[in-house]
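Please read the structure below before turning to the comments.
The values are calculated or read from the model by the stated rules, or taken from the named source; none is laboratory data. This one's a predicted model, so the numbers in the text were calculated from it and none came from an experiment. Quick reminder, even Gly has a Cβ in these numbers, built from the backbone with ideal geometry, and neighbours come from all protein chains shown. Areas reflect the complete protein model, heavy atoms only, side chains present, ligands, DNA and RNA absent. Shrake-Rupley method; radii C 1.70, N 1.55, O 1.52, S 1.80 Å.
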There are 2 protein chains.
Amino acid sequence: MQGMKIGALAARTGTSVPTIRYYEAIGLLQRAARQESGQRLYSSEDIGRLTFIRRCRDFDFSIAQVRVLVDLLRDPSSTCTTARDLAAAHLVSVRDKMRELRALARSLESFVHDCDTACGGRSGPDCTVLGQMRRGERTAPPRRARSIAAAPGRA
Amino acid sequence: MQGMKIGALAARTGTSVPTIRYYEAIGLLQRAARQESGQRLYSSEDIGRLTFIRRCRDFDFSIAQVRVLVDLLRDPSSTCTTARDLAAAHLVSVRDKMRELRALARSLESFVHDCDTACGGRSGPDCTVLGQMRRGERTAPPRRARSIAAAPGRA
DNA sequence: TCTAGAACCTCAAGCTACTTGAGGGTCAAG
DNA sequence: CTTGACCCTCAAGTAGCTTGAGGTTCTAGA
């Protein structure tokens, strides 16, 4: 196959068409070859590049990190250690986020539980749980790092 | 205290000054009273309102959800059940997110592990792990819902 | 009383990673 | 030759703030 159009590449890689164009616009993918009419043409090599990028994103690496990884992949003088370190650092923040969510889940559990038992269906202004929150008594773990899953989702 | 300025309110509630102004701009806080000079003045009641909002945000409720909760708090004809249901639904998505992160952490662990053992410091283009990703062999759980922690962090 | 600096004001733009929409060409089949 | 699927380029919208520019007001000390 010596030239697939953007829709075919999208289908092959599980990427949306606008996302591919977006990646090109921000320079994550190099500018694609064009037909005379202006439509983009991709080679099988492009499939590899985009697949790689998608996998990186599945690993939840940020675009900036993916840039680094993409560069690694084409630089013969680079070392795979860089990738390893990126992943290791990322793993740390994922674990942090998990701890945060565990604490949040516990807080939500007691929120729900107390709504049922301590309050039990009163009006908003009279709700004991909401009242506690207004007075700063009922707390949840303060939110911190937004590095994990830091963007609106993809359809 | 019959009137504190925005800086004092910020200190009391652990909110940044721009964030308070932002909440006012989007109508989450009602427009504050002003001095003749235009500087905002807050009452102790405002402390309660903002504290409530902050707590809701600590529970990671979205701004839209906080709006609902704030309205509950001042509507005598409302029922606390609404809050309970919001929290319960939120808990479900938090647990989903945790599962997702657990899977992601496992993938990252094997990424790091294989970088050390299977590849062990080769150049980027020759790295076995990166090569697998380019070929779509090494996968991570596809990223989905961005509802939890979906925004840039607060300092 | 004057003045320096802290604190306040209002826009406007930036951040992440895309998605969505408007308005319009291109291409393949019937 | 028309129809409909697919392609193009901007531009703006999403969440939840933060940051910056450019300017006013307040307050405490000399």
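Conditions (1) among the polar types (S, T, N, Q); (2) in contact with a Ser or Thr (Cβ under 8 Å, 6 or more places away or on another chain); (3) at positive phi; (4) open to solvent by 80 Å² or more (accessible area, probe 1.4 Å), marked per residue:
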{"position": "B:A25", "(1), (2), (3), (4)": "no, no, no, yes"}
{"position": "B:Q35", "(1), (2), (3), (4)": "yes, no, no, no"}
{"position": "B:S43", "(1), (2), (3), (4)": "yes, no, no, no"}
{"position": "B:G48", "(1), (2), (3), (4)": "no, no, no, no"}
{"position": "B:R55", "(1), (2), (3), (4)": "no, yes, no, no"}
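For segment A:23-54, what are the residues that are out of contact with any strand residue (DSSP E or B) (no Cβ under 6 Å at 6 or more places or on another chain) and away from DNA strand C (no atom under 12 Å from the Cβ)?
Across segment A:23-54, the qualifying residues are A:G27, A:Q30, A:R31, A:S43, A:S44, A:E45, A:D46, A:I47, A:G48, A:R49, A:T51, A:F52.
Show the residue pairs meeting these rules: Cβ distance below 6 Å; 6+ apart or different chains; first residue within segment A:1-24 and among the aromatic types (F, W, Y); second residue surrounded by fewer than 16 Cβ atoms within 10 Å (Cβ to Cβ).
The qualifying pairs do not exist here.
For segment B:1-41, give me each residue that is under 27 Å from the mean Cα position of the chain (by Cα), assigned to a loop (DSSP other than H, G, I, E, B), within 11 Å of DNA strand D (Cβ to nearest atom) and farther than 19 Å from B:R55 by Cβ.
Within segment B:1-41, just B:K5 meets the criteria.
What do you reckon, is A:F61 closer than 23 Å to A:K5 by Cα, within 17 Å of the chain's Cα centre (by Cα), within 16 Å of DNA strand C (Cβ to nearest atom) and not aliphatic (A, V, I, L, M)?
It is false that A:F61 is closer than 23 Å to A:K5 by Cα, within 17 Å of the chain's Cα centre (by Cα), within 16 Å of DNA strand C (Cβ to nearest atom) and not aliphatic (A, V, I, L, M).
Could you tell me how many of the residues in segment B:105-118 are open to solvent by 10 Å² or more (accessible area, probe 1.4 Å) and within 8 Å of chain A (Cβ to nearest Cβ)?
Of the residues in that region, 4 qualify.
Within segment A:58-76, can one find any residue that is more than 16 Å from DNA strand D (Cβ to nearest atom), surrounded by fewer than 15 Cβ atoms within 10 Å (Cβ to Cβ) and farther than 26 Å from B:P141 by Cα?
There is at least one residue in segment A:58-76 that is more than 16 Å from DNA strand D (Cβ to nearest atom), surrounded by fewer than 15 Cβ atoms within 10 Å (Cβ to Cβ) and farther than 26 Å from B:P141 by Cα.
For A:I20, state whether it is open to solvent by less than 20 Å² (accessible area, probe 1.4 Å) and within 13 Å of DNA strand C (Cβ to nearest atom).
In short, yes.
Identify all residues within segment A:24-79 that are more than 9 Å from chain B (Cβ to nearest Cβ) and of a type in the set (D, E); write none if there are none.
A:E24, A:E36, A:E45, A:D46
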